1. Determine whether Ala143 is under 26 Å from Gly54 (Cβ atoms) and in contact with a Ser or Thr (Cβ under 8 Å, 6 or more places away or on another chain).
2. Could you please let me know if Arg334 is buried (at least 24 other Cβ atoms within 10 Å of the Cβ), charged (D, E, K, R) and on the phi < 0 side of the Ramachandran plot?
3. Among the residues of the range 102-117, is there at least one that is part of a helix (DSSP H, G or I), farther than 24 Å from Met300 by Cα and among the polar types (S, T, N, Q)?
4. Does Ser368 meet the test of being within 16 Å of the ligand (Cβ to nearest atom), small (Gly, Ala, Ser) and without any contact (Cβ under 8 Å) to a residue 40 or more places away in the chain?
5. Does Asn164 satisfy the criteria of being within 16 Å of the ligand (Cβ to nearest atom) and farther than 27 Å from Ser368 by Cα?
6. Residue under question is Glu365, and the condition is that it be in a loop (DSSP other than H, G, I, E, B) and either touching a Gly at 6+ places or on another chain (Cβ under 7 Å) or in the same structural domain as Lys102 (by TED's automatic domain parsing) (or both); does it hold?
7. Which one is surrounded by the fewest Cβ atoms within 10 Å (Cβ to Cβ) among residues in the range 109-123 that are under 10 Å from Asn93 (Cα atoms) and touching a strand residue (DSSP E or B) at 6+ places or on another chain (Cβ under 9 Å)?
8. Give Val151, Val187 a once-over and let me know the one that is outside any loop (DSSP other than H, G, I, E, B), buried (at least 16 other Cβ atoms within 10 Å of the Cβ), within 16 Å of the ligand (Cβ to nearest atom) and touching a residue at least 12 places away in the same chain (Cβ under 8 Å).
Amino acid sequence: MSSFFDLSDEERMIQQTAREFADSEIAPVAGQNDAEGRFPKDIIAKLSELGFMGMLIPEKYGGSALGNLCLVLALEEINRVCASTGVTMSVHNSLATSPIIKFGSDYVKETYLPRLATGELLGAYALSEAEAGSDAASLKCRAVKDGDNFVVNGTKSWVTTGANADLYVVMLRTDPEQRASGISSFVVERDTPGLSVGKKEDKLGLRASSTTELVFEDCRIPAKNMLGEEGQGFKIAMATLDGGRIGIGTQAVGIAQACLDASVSYAKEREQFGKKIGEFQAIQWKIADMATGINAARLMVYRAARLRDEDVPHTKEAAMAKLFASEMANRAAREAVQIHGGAGYLKDFPVERYYRDARITEIYEGTSEVQRIVISRAYLGG
Ligand SMILES: Cc1cc2nc3c(=O)[nH]c(=O)nc-3n(C[C@H](O)[C@H](O)[C@H](O)COP(=O)(O)OP(=O)(O)OC[C@H]3O[C@@H](n4cnc5c(N)ncnc54)[C@H](O)[C@@H]3O)c2cc1C
C-alpha cells in the first residue's frame with residue numbers, strides 16, 4: 001500500500017501490526033459499535049498494550065517515542081476500519097500527550113506521561129466553546145488565580161472522548177483584558193471536584209466516539225498543572241493542532257482507502273447489463289480518481305509528519321494535508337456510495353458509515369475554510 005514512500009523496516013512493521021490488529025480486532029465490531037453508539041473501551045485497552053497510545057511519549061516516561069510518521073502509519077490502518085476508534089487514538093496521542101511532552105513542567109510530565117503511555121489514563125483536548133469555534137481565541141471559560149490554584153467556571157463544548165477521558169488538556173481565559181495572549185493551558189483530571197461531563201452530542205457520524213461538554217463550577221485546578229507560562233495557552237493550542245491536523249488528514253486517508261477497497265470489491269462482483277459494473281468506464285474512472293487522490297493525500301500527511309518529527313515548521317503543510325485529504329475523502333465516500341447504488345444507502349454495507357464518518361474531517365480541528373486561511377496566510381501574510 002505504501003511502497004512508493006521510503007519507509008524503514010521499523011515503520012513497515014508498525015504499519016503491518018496496526019493493519020493486522022485493525023482487520024482482526026476492530027473491523028468485526030466497528031459496525032455494531034457505530035450502530036449502538038458504544039465507545040470501544042476494550043479496543044483502546046488493546047491499542048494501549050500494543051504501545052499505540054504512547055507513540056509520541058519519550059521512553060524515559062514509558063512511551064515508545066516512535067514519532068509522528070509511525071503514528072500516521074498506525075492511525076491510517078485504524079481509521080480504515082473504524083474512524084471512531086481512530087479519532088480516540090489520534091486525540092489521545094496528538095492533542096493530549098503532545099502538548100504535555102512539549103510544554104509540560106517536569107512535575108506534569110512525571111505525573112501524567114507514564115500513565116498516558118500505558119493507557120491507564122485516556123486523554124482529551126478542550127479548546128472549543130459554544131460561542132468560540134473557528135474563532136477559538138474568543139473563548140470565555142474563566143480561570144481566576146487563587147493562591148496555589150486557579151478557580152474555573154464555564155463550559156467547554158465538543159470535547160472528543162469527553163465522557164471517557166481521564167484527563168483533559170483545557171484552554172482557559174486567565175486574563176479577560178487580552179485576547180489570544182489572555183489564554184492559558186492546563187492539564188485537568190476528570191475527578192477534580194467541580195468538573196462534570198455535560199451534554200453528550202447525538203452525531204451524524206463517529207457514533208462510537210463520545211463528544212461532550214465539560215462543565216466547570218468553582219473547579220479548583222492546581223496552578224502547577226499549567227502547561228508553559230501563563231498567557232501562552234493559545235500558542236500551545238495552535239502548535240498542538242498542527243499535529244492534530246496531520247492526524248485528521250490521516251483519518252481522511254484511512255476512510256478513503258476503505259471506500260476504495262469496498263468499491264473495488266463491489267465493482268468486481270456486481271453485474272448489470274450482463275457485465276461486471278467494473279467493466280463500465282464510468283465506474284473505472286471513479287476508481288482511478290479515488291486511488292489517485294488517496295495516493296496524493298497519503299504523501300502529504302507523511303511529509304507533514306516527517307517535518308514535525310524533524311522539528312521543522314509545518315503549520316502550512318499540516319493544514320494543506322488536512323484540507324486536501326478531508327475534501328478528497330468526502331469525494332471518495334460519495335463515489336463509494338454511488339458505485340454501490342441503492343446498496344450503498346443501506347446500513348448493510350459499510351460505505352454508508354464511511355460516508356457519515358468522512359464528513360467530520362472537513363469540520364473539526366479547523367474547518368476547510370479555516371485551513372485555507374492558515375495556508376493563504378503563509379503566502380500573503382496577515
Ligand atoms: C464531532 C466533533 C468533535 C469535536 N472535537 C473537538 C475536540 O475534541 N476539542 C475541541 O476543542 N473542539 C472539538 N470540536 C469542535 C470543532 O473544532 C469546531 O466545531 C470547529 O472548529 C468549527 O467551529 P464551530 O462549530 O463553532 O463553527 P463556526 O466557527 O461557527 O463556523 C461556521 C461556518 O463558518 C465558517 N467560518 C467561520 N469563520 C470563518 C472565517 N473567518 N472565514 C470563512 N469562513 C468562516 C466555518 O468554516 C463554518 O463553515 C469538535 C466538533 C465536532 C463536530
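The values are calculated or read from the model by the stated rules, or taken from the named source; none is laboratory data. Bear in mind the structure is a predicted one, so any value in this text is a computation, not a measurement. Counting neighbours? That spans all protein chains shown, and the Cβs are built from the backbone with ideal geometry, glycine included.
1. For Ala143, the condition - under 26 Å from Gly54 (Cβ atoms) and in contact with a Ser or Thr (Cβ under 8 Å, 6 or more places away or on another chain) - is not met.
2. Values: buried (at least 24 other Cβ atoms within 10 Å of the Cβ): no; charged (D, E, K, R): yes; on the phi < 0 side of the Ramachandran plot: yes.
Taking the combined requirement at face value, the residue does not satisfy it.
3. Going residue by residue through the range 102-117, those that are part of a helix (DSSP H, G or I) are 102-103, 106-117.
The next check asks that each one be farther than 24 Å from Met300 by Cα; those that pass are 103, 106-117.
Restricting the remaining residues to those that are among the polar types (S, T, N, Q) gives 111.
So far as the range 102-117 goes, yes, one or more of its residues are part of a helix (DSSP H, G or I), farther than 24 Å from Met300 by Cα and among the polar types (S, T, N, Q).
4. no
5. Details: within 16 Å of the ligand (Cβ to nearest atom): yes; farther than 27 Å from Ser368 by Cα: yes.
When the stated conditions are applied, Asn164 passes them.
6. So Glu365 passes the test.
7. If we filter the range 109-123 for residues that are under 10 Å from Asn93 (Cα atoms), which is where we start, we get 116-117, 122-123.
Remaining after also requiring touching a strand residue (DSSP E or B) at 6+ places or on another chain (Cβ under 9 Å): 116, 122-123.
Values: Leu116: 29, Leu122: 24, Gly123: 27.
Selected residue: Leu122.
8. On the way: Val151 fails: within 16 Å of the ligand (Cβ to nearest atom).
Just one listed residue meets the conditions, Val187.
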